[in-house]
Amino acid sequence: MGSQAWVADRPVAAGTDEVVRVVDGDTVVLRSAGKSRLIGVDTPEVFGEQECYGREASAFAKRILRQGLRVGVERDVEDRDRYGRTLIYLRLPDRRSFNELLVSEGVAVPLTIPPNVRHAERFRTLARSARDRGAGLWSARACGGDPDRPVA
């Protein structure tokens, strides 16, 4: 990884990495960081009990995060989750936050797990807007209007 940025008087690791593959909507494998979980967002599941809109979320991530894509990587307080995945915020080559994009497009909902809360309020604001617009999983056509309903 590369340089460091400073947020709220503490260093935040930042650098670039390369997408190897997308596991699902909120988990990717990066060349240097390995299996990585996006911080602050949660997409519907595609493994185990498949949840409504899970396939769409995974397909969205695969469309944007193509193999070989160079992405910016930022960390927060914790380096890894309880499953050993690296915890990251991803920046696309055009500098947009991929985590924010997932929420704003209605593909993910905010998932705040302290102490990794640097962008939590922004994710909540984007989620309210996506819900108000009926974007993605909030669409009346998706999930029968109930994003908590699993796919049968």
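The relative contact order of the stretch 11-152, computed from alpha carbon pairs under 8 Å that lie at least 6 residues apart in sequence, is 26 percent.
For the peptides 60-68, 48-56, the ranking by mean Cβ contacts within 10 Å, running from highest to lowest, is 48-56, 60-68.
With all projection directions averaged, the alpha carbon convex hull of the stretch 89-130 covers 2.8 nm².
When Val28, Val73 are sorted by how many other C-beta atoms sit within 10 angstrom of their C-beta, beginning with the fewest, the order is Val73, Val28. Averaging Cα coordinates gives a centre for the stretch 50-89 and one for the stretch 13-27; these two points are 5 Å apart. Between the helical axis of 120-133 and the longest alpha-carbon principal axis of the chain there is an angle of about 30 degrees. Working note: Cα gyration tensor of the stretch 24-77, eigenvalues times five, square-rooted, sorted largest first, giving semi-axes of 20, 14, 9 Å. Subtracting the Cα-Cα distance of Glu78 and Arg133 from 0.36 nm times their residue separation leaves 16.5 nm of extension gain. Within a Cβ distance under 14 Å of Asp132, other residues only, what is the Lys/Arg minus Asp/Glu net charge? That sum, taken over residues with Cβ under 14 Å, equals +3.
Start at zero, step by 5 Å, and the Cα-Cα distances of the chain spread as 2, 10, 19, 23, 21, 14, 7, 3, 1, 0 percent across the bins. Round to the nearest 10 and give me the degree value, 0 to 90, for the angle of helix 54-64's Cα axis relative to the longest principal axis of the chain. Orientation of helix 54-64: about 40 degrees from the principal axis.
The numbers here are math on the coordinates, done by the rules we state, and not lab data. These numbers were taken from a predicted model, which means no experiment stands behind them. All Cβ positions, even for glycine, are placed from backbone atoms using ideal geometry, and neighbour counts span all protein chains on display.
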